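Down below is the structure, laid out as structure tokens.
The values are calculated or read from the model by the stated rules, or taken from the named source; none is laboratory data. These numbers were taken from a predicted model, which means no experiment stands behind them. Here Cβ is always computed from backbone atoms with ideal geometry, including for glycine, and neighbour counts include all displayed protein chains.
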Amino acid sequence: MNHIPFNKPFMVGKELWYIAQAHHQGHLAGGGHFTKHCQKWLQNMTGAHLARLTHSCTAALEMSSLLARIGPGDEVILPSYTFVSTANAFVLRGAIPVFIDIREDTLNIDENLIEQAITPRTRAIVPVHYAGISCEMECIMDIARHHDILVIEDAAQGLMSSYKGRALGSIGHLGALSFHETKNIISGEGGALLVNDASMKEATDIAWEKGTNRSRFFQGLEDKYTWIDMGSSFLPSELIAAFLHAQMEEAVSITNARLKMWDTYHSGFSALEAKGMLRRPVVPADCKHNAHMYYLLLSDLQARDHFIARMAEAGIQTVFHYVPLHSSPAGKKFGRTTDDLPITDDIAQRLVRLPLWLGLEKQQGRVIATALDILEHAS
């Protein structure tokens, strides 16, 4: 039986050629030709004021925490249903993550719960665009302006998605992207920080260049460069950027191909949703998504675990997603909640993700048929 994995990294064909070019140019450390090209591509694609490649989305979030001057005792509001990096980036600075519940439709942070979680210590709101489907950013930005706090978008899953015509990651003050091998546009490991507040440009380059004014030095604006402020080694190597360059060249075609697969899944499970046997993803009218993932919400934990086990028996890998951060050991130690999080707790037990990667197209019918058979005959 042919095994179908949950994810399989896709290569467009020019990655190794561009890596060889980087080697030929004699520049393997970060900040070279391919790094600059990728950053320019991101600025053009998203409309961000500035883009800086990082070695991971985690690094981009940590960099945003530095730029936001987050410190001990500060509070950062975020959903509990997210990856650990969303909280870790701020806990590392001594901040307290304040977890709030998610919406039942998009599984994104519930914007109606944000304001009541704000205290005099609140420094930032971190909306996470789950499955590449946007949070309600207009409302979130209005709240942030009213309370004079920053918005840092965790758009790890959101490249090529938009909200009311604006690219995810380009709406808040800062935005973090991921190019991990599980994402749509990949470099194995990798990420980027989008800076949308022009006043943060110089501070961004200082943090990105390990806390030095190296960027100004190479622009001829300083006669030497030295330690200016806090920073770290956030740059990826030029080899990573070369691989990413090839992927970015095909970003539109990759997205379109994934959207076709997403639509096939969506059509395939419509009848069972109509019967009340499951729930499919919801994409609000204001949101254009990138087909990052396709998930199903089943009736309960037992049904979800049974489905995953039966699909595995059929040679198809399906997986659940996050363990809510507020219920994790570190979440209890470092963070707090303002109330119970019933939707988060419920969704985490019922959600299952289906394989979605380029190259699966010819086998997608088997995934759907097997899933339908299991769900229709579940006791």
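Determine which member of the set Glu202, Glu181 is modelled with pLDDT under 95 and at negative phi.
Sole residue among the options that is modelled with pLDDT under 95 and at negative phi: Glu202.
Of everything in the stretch 128-156 that's outside any loop (DSSP other than H, G, I, E, B) and at positive phi, which residue is surrounded by the fewest Cβ atoms within 10 Å (Cβ to Cβ)?
Checked the stretch 128-156; the qualifying residue surrounded by the fewest Cβ atoms within 10 Å (Cβ to Cβ) is Ala131.
Looking at His173 and the list (1) surrounded by fewer than 21 Cβ atoms within 10 Å (Cβ to Cβ); (2) at pLDDT 95 or above, which single condition is not satisfied?
Against the list (1) surrounded by fewer than 21 Cβ atoms within 10 Å (Cβ to Cβ); (2) at pLDDT 95 or above, His173 comes up short only on (1).
Can you find even one residue in the stretch 24-35 that is out of contact with any Phe, Trp or Tyr (no Cβ under 7 Å at 6 or more places or on another chain) and closer than 21 Å to Ser170 by Cα?
Checked against the condition, which is being out of contact with any Phe, Trp or Tyr (no Cβ under 7 Å at 6 or more places or on another chain) and closer than 21 Å to Ser170 by Cα, the stretch 24-35 yields at least one hit.
I'm trying to understand the selection: among the residues of the stretch 157-170, which are surrounded by fewer than 21 Cβ atoms within 10 Å (Cβ to Cβ), over 17 Å from Trp41 (Cα atoms) and out of contact with any Asp or Glu (no Cβ under 6 Å at 6 or more places or on another chain)?
Gly165
Say we look at the stretch 86-108 and pick out the residues that are over 20 Å from Glu62 (Cβ atoms) and aliphatic (A, V, I, L, M); which of these is nearest to the chain's Cα centre (by Cα)?
Leu107
Please verify whether the stretch 137-155 includes one or more residues that are in contact (Cβ under 8 Å) with a residue 60 or more places away in the chain, β-branched (Val, Ile, Thr) and out of contact with any Cys (no Cβ under 6 Å at 6 or more places or on another chain).
Yes.
I want to confirm something. Restricting to the stretch 301-337 and keeping residues that are touching a strand residue (DSSP E or B) at 6+ places or on another chain (Cβ under 6 Å) and of a type in the set (S, T, N, Q), which single residue is farthest from Lys8 (Cα to Cα)?
Thr337
Could you identify the single residue in Gly188, Gly220, Gly172, Gly211 that is under 17 Å from Thr58 (Cβ atoms) and not aromatic (Phe, Trp, Tyr)? Outline the logic, then answer.
Working: Gly220 fails: under 17 Å from Thr58 (Cβ atoms); Gly172 fails: under 17 Å from Thr58 (Cβ atoms); Gly211 fails: under 17 Å from Thr58 (Cβ atoms).
Every option except Gly188 fails the conditions.
Considering the stretch 316-335 alone, what residues qualify as being surrounded by fewer than 14 Cβ atoms within 10 Å (Cβ to Cβ) and touching a His at 6+ places or on another chain (Cβ under 8 Å)?
Correct list: Lys332 only.
Taking Glu361 and the conditions (1) under 21 Å from the mean Cα position of the chain (by Cα); (2) acidic (Asp, Glu); (3) within 26 Å of Thr255 (Cβ to Cβ), which numbered condition does it fall short on, given that it satisfies the others?
(1)
Just one of Ala203, Ala207, Ala241, Ala257 is assigned to a helix (DSSP H, G or I), of a type outside the set (Ser, Thr, Tyr) and not assigned by TED's automatic domain parsing to the domain that holds Ala131; which is it?
Only one candidate passes the filter, namely Ala257.
I'd like to verify a number: residues in the stretch 189-200 that are part of a helix (DSSP H, G or I) and over 12 Å from Leu66 (Cβ atoms), how many? Walk me through how you get there before you give the answer.
Initially, the stretch 189-200 is screened for residues part of a helix (DSSP H, G or I), giving 198-200.
Within this subset, residues satisfying the condition of being over 12 Å from Leu66 (Cβ atoms) are 198-199.
Summing the residues that are part of a helix (DSSP H, G or I) and over 12 Å from Leu66 (Cβ atoms) in the stretch 189-200 gives 2.
Can you list the helices (runs of 4 or more DSSP H) found entirely within the stretch 313-379 that contain at least 3 residues being in the same structural domain as Asp263 (by TED's automatic domain parsing) and farther than 23 Å from Ser267 by Cβ? Break it down into steps so the answer makes sense when it comes.
Details: elements: 329-334, 342-350, 364-376.
Where helices (runs of 4 or more DSSP H) fall fully within the stretch 313-379 and carry at least 3 residues being in the same structural domain as Asp263 (by TED's automatic domain parsing) and farther than 23 Å from Ser267 by Cβ, they are 329-334, 342-350.
Picking from Ala330, Ala303, Ala312, which residue would you name as being small (Gly, Ala, Ser) and under 22 Å from the mean Cα position of the chain (by Cα)?
Only one candidate qualifies: Ala330.
Under 8 Å between Cβ atoms, which residue pairs at least 6 apart in sequence (or on different chains) link something in the stretch 1-14 that is among the aromatic types (Phe, Trp, Tyr) with a partner that is part of a loop (DSSP other than H, G, I, E, B)?
Phe6/Gln317; Phe6/Thr318; Phe6/Pro355; Phe10/Ile186; Phe10/Trp357; Phe10/Leu358; Phe10/Gly359
Which of the residues spanning the stretch 284-312 are touching a Lys or Arg at 6+ places or on another chain (Cβ under 6 Å) and either of a type in the set (Val, Ile, Thr) or not in a loop (DSSP other than H, G, I, E, B) (or both)?
Tyr295, Leu297, Arg304
Under 6 Å between Cβ atoms, at least 6 apart or on separate chains: pull out the pairs that start in the stretch 115-132 with a residue that is not assigned by TED's automatic domain parsing to the domain that holds Asp339 and end on any residue that is modelled with pLDDT under 95.
Final answer for the pair search is Ala117/Thr338.
Does His245 meet the test of being modelled with pLDDT of 95 or more, buried (at least 19 other Cβ atoms within 10 Å of the Cβ) and not hydroxyl-bearing (Ser, Thr, Tyr)?
So His245 passes the test.
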